[in-house]
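Below is one structure, written out as structure tokens; the observations come after it.
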């Protein structure tokens with residue numbers, strides 16, 4: 001059963017890679033919800049803090065990765081709003 | 001420390017609500033990566049199955065909720081590609 005959790009974690013962590021590439025290339029962020037990415041980045045940051053506090057390194061490292069990826073989409077969205 | 005995990009789960013689960021509303025209202029899905037939502041929905045489904053198999057109801061219920069929300073965005077994206 002552990003491999004299901006591992007495969008699940010791989011998918012939900014790296015799913016954001018194609019979104020970062022898509023947003024980076026097209027700069028098309030109108031369809032992306034700013035509220036979603038703000039709430040999501042806050043949530044993933046809390047998960048990373050939680051993982052560090054309870055010394056759960058898989059949770060901490062997976063969420064640090066998602067934080068970098070979803071954070072990149074958020075930065076691109078904020079940049080497009082300013083320009 | 002548990003409240004941090006609870007707050008984290010709330011954020012990462014309900015972050016998709018504003019995205020569903022945004023996509024539903026605007027039908028603007030060009031900036032949304034199809035690959036992201038396919039991989040993410042697969043991952044969240046695997047998390048839900050994993051939660052059910054190990055009898056972890058918080059993991060199962062949270063991921064069923066995200067599956068419904070992210071799945072809605074995926075359906076709207078697929079509909080816009082067909083039209």
Residue in the stretch B:44-52 that is over 22 Å from residue A:14 (Cβ atoms) and modelled with pLDDT of 95 or more present: yes
Entirely in chain A, the helices (runs of 4 or more DSSP H) that have 1 or more residues that are crowded, with 17+ Cβ neighbours inside 10 Å and within 7 Å of another protein chain (Cβ to nearest Cβ): A:2-14, A:16-26, A:34-53
Hits in the stretch B:1-46 - residues which are under 11 Å from the mean Cα position of the chain (by Cα) and over 17 Å from residue A:66 (Cα atoms): B:17, B:19, B:20, B:45
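The values are calculated or read from the model by the stated rules, or taken from the named source; none is laboratory data. Remember, predicted model here, so these are calculated numbers, not experimental data. Cβ: placed from backbone, ideal geometry, glycine included. Neighbour counts: every protein chain shown.
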